[in-house]
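Participant: One structure coming up, written as structure tokens, with questions to follow.
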Amino acid sequence: MVADSGAPPGAVDVILPCLDEAAALPWVLSRLPAGYRAIVADNGSTDGSAHLARDLGATVVEVAERGYGAAVHAGLLVAAAPIVCCCDADASLDPADLPRLVRLLTAGPGGGGGADGGPADLILGRRRPVTAGAWPAHARAGNAVVVAAARRRCAVRIRDLGPMRVARRADLLGLGVTDRRFGYPLELVARAAAAGWNIVETDVRYLPRSGKSKVTGTATGTVRAVRDMSAILRRLP
């Protein structure tokens, strides 16, 4: 476990959407800060990820409905802590970075994560690749297209729709996000912006993932993600 959790024990749950991540889970779970509970939302793994996660002490929820959003939502329903984090389970993001994001969310008056020092409602991790191959060009381009559209349609000052996020559980449930595929992150941001949330972005390291990517590592996966997010944009008023 990593020290300096930034929150009291039991205050933070970490949702880890998972599909065949047995190679990465030992490292990911070992990097969780002390007091942070791992919720592995297993989305039909065939490599023993769920069994391994349980052996390593994680809470595991089996998610029959396929899709990134389905996995995240199932983890959110199981979560009980007032603060919830989301982080990929493929070792491309370091859970040891989460306390810094949690502190931005929980800082008091004058020290909050907002531009004016006020409280933040949603903290987004902006991916900063540590190597040239960590974020393939096609995935970076797809992300840029969707983010540019989101900035125009939602009036949000973000530069990434990355998978590391921190917010309060009750607030997330109150947003009523319905997408269960790759459009989930964009719908979350769009609904948060419409609700007047203070959305804060901060840099996080982006590492070469472990194993084969289902999304950003393939052009087909990137196209699916952009398609799902584009559908969200079309539904926005």
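Participant: So how many residues does region 181-206 have that are at pLDDT 95 or above and part of a loop (DSSP other than H, G, I, E, B)?
Facilitator: Final tally of qualifying residues: 4.
Here's the yes/no breakdown for (1) over 15 Å from the mean Cα position of the chain (by Cα); (2) open to solvent by 20 Å² or more (accessible area, probe 1.4 Å):
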position	(1), (2)
ASP121	no, yes
GLY133	yes, yes
ALA144	yes, yes
ALA155	yes, yes
GLU187	no, no
ASN198	yes, yes
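Participant: Against the condition closer than 30 Å to THR46 by Cβ, assigned to a helix (DSSP H, G or I), of a type outside the set (Asp, Glu) and at pLDDT 90 or above, how does LEU173 come out, does it pass?
Facilitator: So LEU173 fails the test.
Participant: Looking at ASP42, ASP97, ASP47, ASP90, can you tell me which residue is in contact with a helix residue (DSSP H, G or I) (Cβ under 9 Å, 6 or more places away or on another chain) and either within 21 Å of LEU207 (Cβ to Cβ) or touching a residue at least 40 places away in the same chain (Cβ under 8 Å) (or both)?
Facilitator: Just one listed residue meets the conditions, ASP90.
Participant: Any idea which residue in region 79-103 is farthest from MET229 (Cα to Cα), counting only those that are among the β-branched types (Val, Ile, Thr) and touching an Asp or Glu at 6+ places or on another chain (Cβ under 8 Å)?
Facilitator: Per the stated criteria, the residue is ILE83.
Participant: Would you mind telling me which numbered condition in (1) open to solvent by less than 10 Å² (accessible area, probe 1.4 Å); (2) in contact with a Cys (Cβ under 6 Å, 6 or more places away or on another chain); (3) closer than 18 Å to LEU233 by Cα ALA193 fails?
Facilitator: Tallying (1) open to solvent by less than 10 Å² (accessible area, probe 1.4 Å); (2) in contact with a Cys (Cβ under 6 Å, 6 or more places away or on another chain); (3) closer than 18 Å to LEU233 by Cα, ALA193 fails exactly one: (1).
Participant: For the list (1) within 30 Å of ARG227 (Cβ to Cβ); (2) out of contact with any helix residue (DSSP H, G or I) (no Cβ under 6 Å at 6 or more places or on another chain), I need the number of the one condition that ALA11 fails.
Facilitator: (1)
The values are calculated or read from the model by the stated rules, or taken from the named source; none is laboratory data. Worth saying up front: this structure is predicted, and the values here are computed from it rather than measured. Quick reminder, even Gly has a Cβ in these numbers, built from the backbone with ideal geometry, and neighbours come from all protein chains shown. Please note that ligands, DNA and RNA were not included when accessible areas were found on the heavy atoms of the full protein model with its side chains. Shrake-Rupley method; radii C 1.70, N 1.55, O 1.52, S 1.80 Å.
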